[in-house]
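Some notes on the structure that comes next.
The values are calculated or read from the model by the stated rules, or taken from the named source; none is laboratory data. Keep in mind that what you see is a predicted model, and the values were worked out from it rather than measured. Counting neighbours? That spans all protein chains shown, and the Cβs are built from the backbone with ideal geometry, glycine included.
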Amino acid sequence: MKKRVYIKTFGCQMNENDTEKMYILLSDEYEPTLNPEEADLILINTCSVREKPQHKVYSEVGRYKSLKKKNPDLIIGITGCVAQQEGENLIKKLPYVDLVLGTQGFYFIREALKTYKKTKKPVVFTELKPDFKFPLILESENNSIFKDRKVSAFVTIMQGCDNFCTYCIVPYVRGREISRPPEDILKEVETLVKKGVREIILLGQNVNSYGLKEKNFPNFPDLLNMVSEIEGVWRIRFTTSHPKDLSDKLIEVIATNPKVCKHIHLPLQAGSNKILKLMNRKYTKEYYLAKVEKLKSLVPEIAITTDLIVGFPGETEEDFKETLEMLEKVRYHEIFSFKYSDRPFTVAQKMENKIPEEEKERRLKEVHKVQAKITEEIYKSYVGKEVEVLVEGASKKNPDMLMGRTTTNVIVNFKAPRLDLKGAIVKVLIDEAGKHSLKGTYLKTIRS
C-alpha cells in the first residue's frame with residue numbers, strides 16, 4: 001500500500017506547476033491526499049514575492065507541528081521560494097521541519113527523502129545553478145495520478161529572471177533565466193493532450209525572453225507556433241510577458257494564429273515614468289502605450305490584464321494619479337494590484353521616502369474603485385454577443401450549470417441541455433454581466 005502525500009501550494013501558477021511535478025516525482029511511493037492528518041509526507045510549496053504570502057507560510061507550517069507530535073514518522077518539508085530564500089534558517093526557526101528544498105532543489109525530492117530516511121537529519125538543498133538542466137517529468141502514458149485531469153494545463157518553458165526590478169525577489173529565489181529545450185516542452189504538451197488537455201498555458205517569469213540565451217533555440221513566437229502544430233491542442237495561453245520584450249513578431253502571432261488566445265497579461269506596475277525608472281522596468285509609459293495600441297490595432301478583441309504596485313518608495317500623489325490615468329487609457333479587463341512591501345535582497349528595500357501603510361491602503365482602494373467601473377463596462381459590452389467557450393466543468397456556485405472561458409480569458413457560467421460537455425468548445429449567448437464573470441445560454445457545440 002502506498003503512503004500518502006499532502007502538498008499545500010502558495011503563490012503563482014509556476015508554483016502550481018511545480019506542485020504537479022512533485023506529485024509525479026513521488027507517485028511511485030506516495031499517492032495524493034487532501035487531508036494533511038492522514039499524510040505520511042506534508043510539503044508546503046511556498047511563495048515569497050510579497051510579504052503577506054511569506055507570513056502565511058509560517059502559520060501554515062505551524063499547524064502541522066501537532067501532527068508531528070502525534071506521528072513522529074511524519075515528514076514535513078518546505079519547498080519553493082521561501083525555502084530558497086531562507087535555507088537553513090528555516091530549520092533553526094522550525095526544528096520540526098525535515099526538508100528544505102529550493103526552486104531547483106525540489107526536483108531532487110526523491111533523493112532528499114532517501115537521505116533523510118537514512119540519516120534522520122534535516123536535508124537542505126538551495127543551490128541555484130546557472131546551467132541547471134530541467135529534468136523532463138511526464139505522467140505515465142498508461143495512467144494519471146490526477147483523478148480529474150483538468151482541461152487546461154500549465155507547462156513551464158523557462159525559469160528565472162535577468163531583469164532585476166528593484167522591488168522583486170524573483171532573480172534571487174528563482175535564479176537567472178534558463179530556458180527548457182523545445183523538444184522537452186513539445187513532448188510534455190503531447191503527453192498532456194493524450195490525457196485530454198485541450199488548453200496549454202506556457203509559463204515563465206518572462207516568456208518573451210524564451211530561448212534568447214541558448215544556442216539554436218527558437219524564440220518565443222516560434223515556440224508558440226510549434227506548440228500550435230501539435231494535434232489536439234485547441235488553445236494556447238501564456239504568462240508573463242515583460243513589456244520591454246514584447247516584440248512585433250509576438251503580436252503578429254497573437255493576431256494570426258487561431259490557437260493563440262486573444263488575451264495578454266502585460267504587467268505595467270506603475271503609470272509614472274519616474275517610478276518606472278526607480279523600479280528599473282526599462283520602459284516608459286509612452287513605450288507601453290505604443291505596444292498596447294499595436295496590440296489593439298492588430299487584435300481588436302484583445303483582452304489585456306496587468307499587475308500594479310501602489311505606494312512604491314517615493315511615489316507622490318501626482319505619480320499615483322498617472323497610474324489611475326493609465327487605467328483609463330488602457331482599459332484593462334482585470335488587474336492584480338498590491339501594496340508595495342520590502343523584500344530581502346532588493347534595491348528598493350534600502351530606498352528612502354517609504355509610503356505610510358495607511359496611504360498605501362487608500363491608494364489601493366482607489367485603484368480598485370476605478371478598475372471596478374472599467375471592468376463592469378467591459379463585461380457589460382459582452383451582453384447580447386455570442387462567444388466561444390472552452391468548457392472546464394461544472395460551475396462552482398451552481399452544479400446545474402457549466403463554466404468555461406472565452407478566448408479573452410473571461411469566465412462564463414451557462415445553462416446547457418447536458419452536463420457532460422467538459423473539454424468541448426461551445427457557443428454561448430451572453431445574457432448577463434457580473435463583477436468578474438458572465439452568464440449565458442448554450443447555443444451549440446462547436447468542437448468536442
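Considering only residues that are within 30 Å of Tyr167 (Cα to Cα) and exposed (fewer than 13 other Cβ atoms within 10 Å of the Cβ), look in the stretch 53-74 and name the one that is nearest to the chain's Cα centre (by Cα). Let's see the steps before the verdict.
We begin by selecting, within the stretch 53-74, every residue within 30 Å of Tyr167 (Cα to Cα); these are 53-62.
So of that shortlist, the ones also exposed (fewer than 13 other Cβ atoms within 10 Å of the Cβ) come out as 55, 59, 62.
Working: His55: 20, Ser59: 23, Gly62: 26 Å.
This residue is His55.
Give the number of residues within the stretch 91-108 that are in a helix (DSSP H, G or I) and more than 30 Å from the chain's Cα centre (by Cα).
Residues of the stretch 91-108 that are in a helix (DSSP H, G or I), as a first pass: 91-93, 105-108.
Subset that is more than 30 Å from the chain's Cα centre (by Cα): 92.
Counting residues in the stretch 91-108 that are in a helix (DSSP H, G or I) and more than 30 Å from the chain's Cα centre (by Cα) gives 1.
May I ask you to list the residues in the stretch 109-131 that are assigned to a helix (DSSP H, G or I), in contact with a strand residue (DSSP E or B) (Cβ under 6 Å, 6 or more places away or on another chain) and not aliphatic (A, V, I, L, M)?
Residues satisfying the conditions are Thr115, Tyr116.
Out of all the residues in the stretch 329-341, is one or more touching a Pro at 6+ places or on another chain (Cβ under 6 Å), crowded, with 18+ Cβ neighbours inside 10 Å and under 14 Å from Thr375 (Cα atoms)?
No, the stretch 329-341 has no match at all.
Report yes if Ile91 is buried (at least 18 other Cβ atoms within 10 Å of the Cβ), in contact with a strand residue (DSSP E or B) (Cβ under 9 Å, 6 or more places away or on another chain) and free of Cβ contacts under 8 Å to residues at least 40 places away in the same chain, otherwise no. Don't jump to the end; show me each part of the working.
On the way: buried (at least 18 other Cβ atoms within 10 Å of the Cβ): yes; in contact with a strand residue (DSSP E or B) (Cβ under 9 Å, 6 or more places away or on another chain): yes; free of Cβ contacts under 8 Å to residues at least 40 places away in the same chain: yes.
Spelling it out, Ile91 is indeed buried (at least 18 other Cβ atoms within 10 Å of the Cβ), in contact with a strand residue (DSSP E or B) (Cβ under 9 Å, 6 or more places away or on another chain) and free of Cβ contacts under 8 Å to residues at least 40 places away in the same chain.
Can you tell me which of (1) under 22 Å from Arg110 (Cβ atoms); (2) modelled with pLDDT under 95; (3) touching a Lys or Arg at 6+ places or on another chain (Cβ under 9 Å) is the one Leu43 doesn't meet?
So the condition that Leu43 fails would be (2).
Checking the conditions here, which among Ile254, Ile264, Ile201, Ile185 is assigned to a helix (DSSP H, G or I), among the aliphatic types (A, V, I, L, M) and in contact with a Ser or Thr (Cβ under 9 Å, 6 or more places away or on another chain)?
Being assigned to a helix (DSSP H, G or I), among the aliphatic types (A, V, I, L, M) and in contact with a Ser or Thr (Cβ under 9 Å, 6 or more places away or on another chain) holds for just one of Ile254, Ile264, Ile201, Ile185, which is Ile185.
Whether any residue in the stretch 181-203 is more than 22 Å from Thr407 (Cα to Cα), at pLDDT below 95 and touching a strand residue (DSSP E or B) at 6+ places or on another chain (Cβ under 7 Å) is what I want to check.
No, the stretch 181-203 contains no residue that is more than 22 Å from Thr407 (Cα to Cα), at pLDDT below 95 and touching a strand residue (DSSP E or B) at 6+ places or on another chain (Cβ under 7 Å).
Which pairs have Cβ atoms under 7 Å, sit 6 or more apart or on different chains, and link a residue in the stretch 22-38 that is assigned by TED's automatic domain parsing to the domain that holds Lys70 to one that is at pLDDT 95 or above and among the small types (Gly, Ala, Ser)?
Thr33/Ala39
Restricting attention to the stretch 76-93, does a residue exist that is in contact with a Lys or Arg (Cβ under 9 Å, 6 or more places away or on another chain), of a type in the set (A, V, I, L, M) and more than 30 Å from Val347 (Cβ to Cβ)?
So far as the stretch 76-93 goes, yes, one or more of its residues are in contact with a Lys or Arg (Cβ under 9 Å, 6 or more places away or on another chain), of a type in the set (A, V, I, L, M) and more than 30 Å from Val347 (Cβ to Cβ).
Within the stretch 280-324, can you find the residues that are in a helix (DSSP H, G or I) and of a type in the set (Lys, Arg)?
Matches in the stretch 280-324: Lys285, Lys291, Lys294, Lys296, Lys321.
Looking at the stretch 113-128 only, could you name the residues that are without any contact (Cβ under 8 Å) to a residue 40 or more places away in the chain and under 22 Å from Tyr172 (Cβ atoms)?
Residues satisfying the conditions are Val123, Val124, Phe125, Glu127.
From the list Lys274, Lys244, which one is in the same structural domain as Gly314 (by TED's automatic domain parsing), more than 17 Å from Ile157 (Cα to Cα) and surrounded by fewer than 17 Cβ atoms within 10 Å (Cβ to Cβ)?
Values: Lys244 fails: in the same structural domain as Gly314 (by TED's automatic domain parsing).
None of the others qualify; the one that does is Lys274.
Within the stretch 202-209, identify whether any single residue is hydroxyl-bearing (Ser, Thr, Tyr), in contact (Cβ under 8 Å) with a residue 12 or more places away in the chain and within 26 Å of Asp307 (Cβ to Cβ), and answer yes or no.
Within the stretch 202-209, one or more residues are hydroxyl-bearing (Ser, Thr, Tyr), in contact (Cβ under 8 Å) with a residue 12 or more places away in the chain and within 26 Å of Asp307 (Cβ to Cβ).
Which of (1) under 20 Å from Asn163 (Cα atoms); (2) basic (Lys, Arg); (3) not assigned by TED's automatic domain parsing to the domain that holds Glu366 does Lys249 not meet, given it meets every other one?
(1)
Within the stretch 417-434, is even one residue in contact (Cβ under 8 Å) with a residue 24 or more places away in the chain, out of contact with any strand residue (DSSP E or B) (no Cβ under 8 Å at 6 or more places or on another chain) and either in the same structural domain as Lys150 (by TED's automatic domain parsing) or not in a strand (DSSP E or B) (or both)?
Looking for residues that are in contact (Cβ under 8 Å) with a residue 24 or more places away in the chain, out of contact with any strand residue (DSSP E or B) (no Cβ under 8 Å at 6 or more places or on another chain) and either in the same structural domain as Lys150 (by TED's automatic domain parsing) or not in a strand (DSSP E or B) (or both), one finds at least one in the stretch 417-434, hence yes.
Given the conditions (1) of a type in the set (S, T, N, Q); (2) touching a helix residue (DSSP H, G or I) at 6+ places or on another chain (Cβ under 9 Å); (3) closer than 21 Å to Glu177 by Cβ; (4) not assigned by TED's automatic domain parsing to the domain that holds Lys354, and given that Gln269 satisfies all but one, which numbered condition is not satisfied?
(4)
Yes or no: the stretch 386-395 includes at least one residue that is of a type in the set (Ser, Thr, Tyr) and modelled with pLDDT of 95 or more.
The answer is no; no qualifying residue exists.
Which one of these does Val155 not meet: (1) buried (at least 20 other Cβ atoms within 10 Å of the Cβ); (2) in a helix (DSSP H, G or I); (3) not small (Gly, Ala, Ser)?
Here Val155 meets the rest and fails (2).
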